[in-house]
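For reference, the structure is listed below as structure tokens.
Only the coordinates and a few stated rules stand behind these numbers; no lab work does. Just so we're clear, the structure is a prediction, and the values are computed from it rather than from any experiment. Heads up, the Cβs are rebuilt from the backbone with ideal geometry, glycines too, and the neighbour counts pull from every protein chain shown.
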Amino acid sequence: MKDYHCCATCKHFKIEKKSSNIAYFCSRLGYQTKTNYKFNCWDPKEQIKNLMAGRNKK
């Protein structure tokens, strides 16, 4: 889990493209974040859940 737990792998993570820059946003918390931030409300995307399940089987 430690390899996957970050905002970029959370289902609430959104990318907002603005005129000259890109902003990373948490739709659950309602504010800007960064890809490598970690919060206790982390809820991984389905793809990440599958990767973690595959790693646990080895």
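About the centre of its Cα atoms, the chain shows a dipole size close to 160 debye [charges on the beta carbon of Lys, Arg (+1) and Asp, Glu (-1) only; nearest 20 debye]. 3J(HN,Hα) couplings calculated from phi for the range 27-35 with the Karplus curve 6.51 cos²θ - 1.76 cosθ + 1.60 (θ = phi - 60°) are, in sequence order, 6, 7, 7, x, 8, 5, 9, 10, 4 Hz; Gly and Pro show x.
Matching the structure-derived Rg and Dmax of the Cα atoms in Å against the labelled list (i) 15.9, 46; (ii) 12.7, 45; (iii) 11.7, 36 gives the label (ii). Rounded to the nearest 10 degrees, the inclination of helix 46-57 to the longest alpha-carbon principal axis of the chain is 30 degrees.
Site pair LEU51 and PHE25 shows an inter-label distance of 2.4 nm when each label is modelled 7 Å from Cα along Cα→Cβ.
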